[in-house]
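Only one structure is covered here, and it is reproduced in the block below.
The values are calculated or read from the model by the stated rules, or taken from the named source; none is laboratory data. From a predicted model like this one, the values you see are computed outputs, not experimental measurements. Note that each Cβ is placed from the backbone with ideal geometry, even for glycine, and that neighbours are counted across all protein chains shown. These area figures cover heavy atoms from the full protein model, side chains too; ligands, DNA and RNA do not enter into them. Shrake-Rupley method; radii C 1.70, N 1.55, O 1.52, S 1.80 Å.
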Amino acid sequence: MGEQRITLNVNGRDYDISIEPDMVLADVLREKLDLTGTKVSCREGECGACTILMDGKACLSCLTLAVQAQGKKIVTIEGLAEKGQLHPIQKAFINHGAIQCGYCTPGMIMSAKALLDENPNPTPDEVKTALSGNLCRCTGYVKIVDAVMAAADDMKRGENK
Amino acid sequence: MSAMFKLVGKPAPRHDAWAKAKGDQLYSDDFTMPGMLYGKALRSKYPAAIIKSIDTSKAKALPGVHAVLTAKDVPMNVEISKFGQMKDVGGGFEGLYKVLADGKVRFKGEAIALVAAETEELAEEACRLIEVDYEVQPGVFDPEEALKPGAYIVSSDEGENESNLIMESHINKGDVEKAFAEADVIVENEYRVPPVDHAYLETEGGVAWVDDNGVITMRVGTQVLEHYRTIAKVMGLPQNKVRNMSVPMGGGFGGKEDITVETFLCLLANATKRPVKMVWSREESLEVHSKRHPEILRYKTAATKDGKITAQKVEIIMDGGGYKLLTGWVQMYSTVNAPGCYNIPNVKVDSYSALTNNTPSSANRGFGCCQANFASELQMDELAAKLGMSPLEIRLKNCLRNGDEICTGFIPQGHIALEEIAKKAWEGLEATGPKPDYVDGKKIGRGLAIGMMSYGRLTFMHDSSRVGLRIELDGSVTLRAGVPDLGGGQASVLCQIVAEELGIPMEKVHPYIMDTHLTPLCGTTTATRQLYMSGNAALVTVKVLKERIIKKAAEMLDAKPEEVQLINEKACLINNPLKSVPFVQVVGALSNDGVELFHEGQFNAPFTDVPNLHDMKGRIWPDFTYSAHAVEVAVDEETGKFEVRKVVLCYDVGKAINKNSCEGQLEGGCVYNQGYVTENMGWENGITKARSFAEYLIPTAVDAPEIETIMVESGGGLGPYGAKGVGEPADNSIAPAIVNAIYDAVGVRLKEMPVTPEKLLKAIQEKNK
Ligand code: FES
Ligand code: FES
């Protein structure tokens, strides 16, 4: 199959790469850009482990062709920290024990980020609904929901400073 | 005492939390190597067949294919794998399996051939080009059918080719027949529990290569590093020529306890002399790796009018699937836990396991115990209903207390908190308010179940663990431990213990884990044993170094060793903390004196002999962890759908060394086995219908209930600081509590899981007829 050259903007940086046209974004991120923080667990849109942000919206990178991501702003888990400072959601996941095996964590954090960017004041039920496409087999979700609620508080306080 | 802990008991973030939050943690699928090939397994289309011939010539001729292997290329194809234990247990316990099928295919998806090729697509293409000539066999898919004379025989191998029986085991205590003759009430029921997939988010995978010293090296996600020994045997190599450098797992739950990709990878890497990667697809993982044992459990219980149980008779039939794997071990758990966590004078248990042509059964969090717990806890409520007693009353009347013996006659040494935790869980749920009849048109019900499950392995396996420590000259510490970390914080807690004892911050202890050439062997991350075994090993080890440090510090402070403590990176006098010397200075002084600043220590569990399986007696495990779940459900009487609204769970954890980790295990286990009630593999004549997460539905954030976690810390465990293990006991009594709550809501008790809306609706309609 013929390779195709595309430009992807990932975590604020442009990458010129050549790919097979049928490659999904998850594989391009992991294999071509070595951004292995994005996980693949089911390849069919059922688990959320591959969630990234595309133009600010949560997006399943296992179902998205890389060519469709051209011209969009892609953010992965590796791009969340700013100037070496972890994002409040990352900090909250660490401090609340919301991470066990960690395989769901990148996708969870990206879904949580999409939620909080849109709704800075969610109720726990809204958090659960927003994360319902992200499976976690380890935690029972309790500490994940706690972490997202705490991050929401933290982000509000940060803004009011 | 507890007031003096600096780190133990605190909710400390684990050492690996930062890397995981940043996406930096590497898992089995995150490595690539120069010249790496991709491995694939060709899997059987049928659950039962005779392989007449295999033609690999077309696959081998495909450009880009570097190896095609079948059973005849495996130096030792029939393998008895040990699971990390140092002792040959014998007696049919070790897990028998074949690396690649030959002769007979024993389950659908069994690997028949292996391919290594330059791309994944090429490897798949090569698999399609392999021609297998099958003679399809009728097979047998029901364990009871499999045990009947004249049944289809699953195996063609010596020792297994006369009957499908894997093992039988029996317990006889007192005189059950006499007790039944004298009973006021007798309750008799049959329960059925289904297979369960571990559904870890990370499927099985890894990379293997031959290093420049000719050592076959692998990086895989495994719960058992010690499988390198079995792999060496399969390859016909000495054990020191196989190295397992494992990586943290994206979940294990028992599913990475048996060998998964390891032998395939090593065979392919050895054949091609190139690095090879293999990662199973979700579909492959759902279909081929081992599942929780499906079981049929028949209970007959005798009791007095006032609810004292006088006899329990249980028959268990276990479906082992196509290979034995860990069935023998799992059977011990089902058998001994069959009577439940109760003090019953007369007990008879007869259990049988059978080979069938289903996907093999093996370890799954709960390991035979949660099957028995499900049945015995439904049986308790059946008895309570018959006697007009409450679920709490009947349990308090019969539960084990300190000094009581279990059905094998063994008296547990650890504290038994069943009475306290059963009350706390139930009262905790009641404290959330009186039970409403209906909420949003759905009928509300509340249920209770309690349980016990061991931590630490079967004592006849003679379990041990080792941890190594080295104090660096700047006062930091390197901890080396072959502890597979599956996400429970197995490695981090060891650092916490060492930091606590040396009086240094946790960040100063760096763990190097999971490398069989370099780390002391800790044994398996299974059987809820790491905190108990390796935690104690860490304690044994650090205490040796601590003694050296305190002795030197005492010299430097002009005091007696017993007057000195280590705290805040100092050695100081207990009675005069201002008189101190920095930790790092003591280390320097020891180094100048030529005193060893390293140590490797070992902890041994209690050892016993293999029990007589016809009359099991005595100690089977080191100790137990006790659980209670009180649950509120809402049932839609029109559709048969139900939701779990609230759970109050209470455990005696002994000592919560890392509060967050401990709670996280209890919450995670609760939701894991909430799934036991509804998850559906959809097995039909050896075929798995649930082949994706769209069909195998595990609980999501929306399904998970509101959970209140109550931890009792009795200090009465055998782990470090009196801790008990919680990883597997965490999922023990939730499923029966849910089913009992459904009964409370709508008056029907489904005795067979999964509880599907169709089954529940049918039962509700029948009852209302
Ligand atoms: S891998 Fe994309 S949703 Fe599962
Ligand atoms: S932490 Fe393991 S899947 Fe979520």
(Q) Which pairs turn up if I take residues in segment B:498-523 that are touching a residue at least 12 places away in the same chain (Cβ under 8 Å) and hydroxyl-bearing (Ser, Thr, Tyr) and look for partners that are part of a loop (DSSP other than H, G, I, E, B) and open to solvent by less than 30 Å² (accessible area, probe 1.4 Å) with beta carbon separation below 7 Å, at least 6 apart in sequence or on another chain? (A) B:TYR512/B:THR519; B:THR516/B:LEU225
Q.
Would you confirm, using the coordinates I've provided, whether B:GLY640 is farther than 30 Å from B:GLN765 by Cβ and away from every other protein chain (no Cβ under 14 Å)?
A. no
Q: State the number of residues belonging to segment B:688-713 that are without any contact (Cβ under 8 Å) to a residue 60 or more places away in the chain and surrounded by fewer than 21 Cβ atoms within 10 Å (Cβ to Cβ).
A: 6
Q. Can you tell me which residues in segment B:696-730 are at the interface with chain A (Cβ under 9 Å from one of its Cβ atoms) and among the hydroxyl-bearing types (Ser, Thr, Tyr)?
A. B:THR700, B:THR709
Q: Just one of (1) within 14 Å of chain A (Cβ to nearest Cβ); (2) outside any helix (DSSP H, G or I) trips up B:LYS305, so point out which.
A: (1)
Q. In this structure, is B:LYS617 away from ligand 2 (no atom under 16 Å from the Cβ), under 30 Å from B:ASP16 (Cα atoms) and among the charged types (D, E, K, R)?
A. no
Q. Which residue pairs have Cβ atoms closer than 8 Å, lie 6 or more positions apart in sequence or on different chains, and pair a first residue in segment A:1-22 that is over 22 Å from A:ARG43 (Cβ atoms) with a second residue that is open to solvent by 100 Å² or more (accessible area, probe 1.4 Å) and at pLDDT below 95?
A. A:SER18/A:GLU3
Q | Single unsatisfied condition, A:ILE94 versus (1) within 16 Å of ligand 2 (Cβ to nearest atom); (2) crowded, with 24+ Cβ neighbours inside 10 Å; (3) of a type in the set (Val, Ile, Thr) | A | (2)
Q. Filter segment B:115-164 for residues that are β-branched (Val, Ile, Thr) and part of a loop (DSSP other than H, G, I, E, B); which is surrounded by the most Cβ atoms within 10 Å (Cβ to Cβ)?
A. B:VAL154
Q: Write out, first by first residue and then by second, each pair whose Cβ atoms fall under 8 Å of each other, whose residues are 6+ apart or on separate chains, and whose first residue, in segment B:675-687, is assigned by TED's automatic domain parsing to the domain that holds B:LYS45 while the second is open to solvent by 10 Å² or more (accessible area, probe 1.4 Å).
A: none
(Q) Can you report the number of residues in segment B:12-53 which are farther than 25 Å from A:GLY37 by Cβ and within 9 Å of another protein chain (Cβ to nearest Cβ)? (A) 0
(Q) Restricting to segment A:4-15, name every residue that is open to solvent by less than 30 Å² (accessible area, probe 1.4 Å) and among the β-branched types (Val, Ile, Thr). (A) A:ILE6, A:VAL10
Q.
Of the residues B:PRO248, B:PRO238, B:PRO275, only one is on the phi < 0 side of the Ramachandran plot, open to solvent by 10 Å² or more (accessible area, probe 1.4 Å) and touching a Lys or Arg at 6+ places or on another chain (Cβ under 9 Å); which?
A. B:PRO248
Q.
One residue is enough: does segment A:125-144 have a residue meeting the conditions more than 11 Å from every other protein chain (Cβ to nearest Cβ) and within 16 Å of ligand 1 (Cβ to nearest atom)?
A. no
Q. Picking from B:ALA554, B:ALA559, which residue would you name as being more than 30 Å from the chain's Cα centre (by Cα), farther than 22 Å from B:TYR333 by Cβ and assigned to a loop (DSSP other than H, G, I, E, B)?
A. B:ALA559
